[in-house]
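Undergrad: First the structure, then my questions, so here it is.
The values are calculated or read from the model by the stated rules, or taken from the named source; none is laboratory data. Note that the structure is a prediction, hence the values are computed from the model and not measured. Glycine gets a Cβ as well: all are built from the backbone with ideal geometry, and neighbour counts include every protein chain shown. Accessible surface is based on the protein model in full, side chains and every heavy atom, while ligands, DNA and RNA are left aside. Shrake-Rupley method; radii C 1.70, N 1.55, O 1.52, S 1.80 Å.
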Amino acid sequence: MNKMLIAAAVVAVGAGGYWYSQQSAPLSTSDNAVLSYVPADTPLFSAQLTPFPIKSYINSLPEAYRQYPVDVLDELEQEDDPRAQFFVSLMKSYMASMKDGETFIKTFGFAADIRSYFYTLGAMPVLKIEVENADAVWALLDKAEAESGLMHINANLKGVDYRSYKLTSETEEEQINLVFAVHDGLLTTTFSTSFSDATLLETALGVTPVDHSITDANIIQDIITKHGFTNEGISYINHKEIVTALTSTDGNQLAGQLSKLFAMADEDPFEELRTPACSAELASIANNWPRTVAGYDELKVTDSASSFGFRTVIESENKLLIDAYQKLRGFIPAYVQDIDNSVFTMGVGIDVNQMVPSLTAIWDDMLTPEYQCAPLAEMQAQMSQQNPAMLGMATGMANGVKGIGVSLIDYKIADDLDDPKLESVDAVISLSAENPAMLFNMAKSFSPELASVQLPTNGDAIDLSSMLPLPPEMNISPKLAVKGNHLVLFAGDKGEAVANSLGQEALANNGLMLMSADYMKMFKPLLTFIELTGEQVPEELEMMKHYDMRVKFGLDIDQKGFQIDSHLDSRSTQ
């Protein structure tokens, strides 16, 4: 049964994965009537609230991104169970539909622009997607039935027709069914069980609204206003509701469902958490870290290209911890943020001078107050045996360091069929610190080959070719220089230009981590080199040759909590 449920989840996620949007527009609750059926205490919510151009989005993806490994379904295909084969058929139809946008929307009966919603009624997942052609949905399911032998049961609930597919065997005492319905222009995928409340399916199918909905609580608009997201798509995980479910028997819908399940199993795995002490102390922690929320800052979609910025925030109300974490922020140079003119970049900003006092403050906060809840008390006991002040011994040699940056700006491979080799490399590695020259002089004592090197403090570079054992065919001439507050190792003309510009950058605590990559720049020369050598290009790498996509990922922290920024830009290679 577990395999069946996992497979069902895979299909649901695959079908509902594209819930992004194109342009900002006022949030309209009248256009999102579904929200009246989403309880305010749902622990998980994710929705595309304005019509997203799914057809154009799929067309804009690189062809390699729309292809799947031929063996991705091998394990499930070996199963004789009709239920497994049912999901294999659906996944094959999904993968085949990714050929282009037109094929995708015709396969699933979608319009070119759609809204979608995923949430839970307690523990019960519900996926809703707007459909234009319900016949396409039924044809898809009919095909899966014919290929698997798994048949549906037709049913009607208060005027809503739906199909039900049994996921459990007839001999099992409790029954679980996968449900599909199309009602009011929405495809609904959910589950019905013999042990859930009768009204749960009514709510999932859009028949019976909830008493206190996500709209009544104004949760979505509050998230948009607080974090400055655009109105198109919002997701969140409610930590407070999850803690309530784990520490109570009826504190919310999820708690009641779990209590019923555990009573049937005669075992409650969370029994030790359902004490007054655990309830109060875990609730206090959840109040300090109430939600993980996510939304868009930008999104542009055409048939040829897509670009979007997506931000996730782990909210925090603990000012002491937030202040301590913020003091850890270090310096990330501008070249690390340059996604357009690099193959790959990475930067880590850490203020080493603040590391010990910040971690000590974080440690002290986690050890105060003294917990009475057994699992929390055990965690504190283990933590108390460690001492972050010991890091001072390890960080003493790096005093004044603010960050490290790396960038592969460009590389070329000679197209000589008789002698394919690396033609040139432009790259930069930098160490940013209050006194980089002093750190270099300290490092010389650990590296005998550098003992006689005198590094100029005026910014002039020294050639390290004779000191680094690089093969001559690599054609790399590494140089080292102090540029302002930065110790820079670089190669190539472009690397030198970046090193020189870095000398004008003053130290500032501007981030924790950032990385970016241009997949086409990264893989195309490498694959060309493999082809020149006459070797067979591995299939998984061959797919990357036309993977025209750029990504940027960053981690930072502000007074609202941890911020995880993602940016993706892709172009079709058709």
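Undergrad: Once you treat every alpha carbon in region 481-574 as an equal point and sum by Debye, what is log10 I(q)/I(0) at q = 0.14 Å⁻¹?
TA: -0.83
Undergrad: May I ask you to give the percent of accessible area on region 195-237 that is carbon plus sulfur, with a probe radius of 1.4 Å?
TA: Here carbon and sulfur together make up 52 percent of the probe-accessible area.
Undergrad: Return the loop-located GluC sites (Glu not before Pro) in region 211-303 (DSSP other than H, G, I, E, B) with at most 14 other Cβ atoms within 10 Å of their own Cβ; answer none if there are none.
TA: Here the GluC sites (Glu not before Pro) that fit, given the DSSP loop and packing criteria, are GLU267.
Undergrad: Net charge near GLN559, counting Lys/Arg +1 and Asp/Glu -1 over other residues with Cβ under 14 Å of its Cβ?
TA: Counting the neighbours of GLN559, the net charge comes to 0.
Undergrad: If you stretched the chain out fully between THR528 and ASP303, how much longer would it get, using 0.36 nm times the residue separation minus the C-alpha to C-alpha distance?
TA: So the extension gain works out to 78.2 nm.
Undergrad: Can you tell me the 0 to 90 degree angle between the C-alpha axis of helix 519-532 and the longest principal axis of the chain, rounded to 10?
TA: Result, in degrees: 70.
Undergrad: Turning to a different aspect of this structure: Taking every pair of Cα atoms in region 361-475, average 1/r, invert it to obtain the Kirkwood radius, and report Rg/Rh to two decimals.
TA: 1.21
Undergrad: Here's something else I'd like to know. Around ASP113, under 11 Å between beta carbons, what's the net of Lys plus Arg minus Asp minus Glu among the other residues?
TA: 0
Undergrad: Any idea of the accessible area per residue across the chain, 1.4 Å probe, to the nearest Å²?
TA: 47 Å²
Undergrad: Among the listed pairs LYS524/LYS560; LYS128/LYS226; LYS494/LYS545; LYS166/LYS240; LYS402/LYS545, which are separated by more than 29 Å between their Cα atoms?
TA: LYS524/LYS560; LYS166/LYS240; LYS402/LYS545
Undergrad: Using θ = phi - 60° and the Karplus form 6.51 cos²θ - 1.76 cosθ + 1.60, what ³J(HN,Hα) does each residue of region 178-191 get, whole Hz, x for Gly and Pro?
TA: Running phi through 6.51 cos²θ - 1.76 cosθ + 1.60 with θ = phi - 60° gives 8, 10, 10, 8, 10, 8, 6, x, 10, 7, 10, 10, 7, 10 Hz.
Undergrad: Work out the charge dipole of the chain with +1 on the Cβ of Lys and Arg and -1 on the Cβ of Asp and Glu about the Cα centre, then indicate which of GLN67, ASN458, LEU186 is farthest towards its positive end.
TA: The Cα lying farthest towards the positive end belongs to ASN458.
Undergrad: To the nearest 10 Å², what's MET522's accessible area with a 1.4 Å probe?
TA: Counting only protein heavy atoms, MET522 exposes about 50 Å² to solvent.
Undergrad: Just in region 145-216: which GluC sites (Glu not before Pro) are loop by DSSP and have at most 15 other Cβ atoms within 10 Å?
TA: GLU170, GLU172, GLU173, GLU174
Undergrad: How long are the semi-axes of the equivalent ellipsoid of region 42-86, taking √(5λ) for every eigenvalue λ of the Cα gyration tensor, in whole Å from largest down?
TA: 30, 21, 9
Undergrad: Sticking with this one: Give me Rg over Rh for the chain, both radii from the alpha carbons and Rh done the Kirkwood way, two decimal places.
TA: That ratio equals 1.02.
Undergrad: For region 184-288, I need the span (max minus min coordinate) of the C-alpha atoms along each principal axis, in Å, sorted largest to smallest.
TA: 42, 37, 20
Undergrad: Follow-up question, since we're still on this one. Suppose the chain between ALA111 and THR225 were pulled fully straight at 0.36 nm per residue; how much longer would it get relative to their current alpha carbon spacing?
TA: This chain segment gains 38.0 nm when fully extended.
Undergrad: How big, on average over all directions, is the shadow cast by the Cα convex hull of region 264-342, in nm²?
TA: With the hull built on Cα positions only, its mean projection is 11.4 nm².
Undergrad: A follow-up question, please. If you roll a 1.4 angstrom probe over the protein chains with everything in place, what fraction of the accessible area of region 46-137 belongs to carbon and sulfur, to the nearest %?
TA: That share works out to 48 percent.
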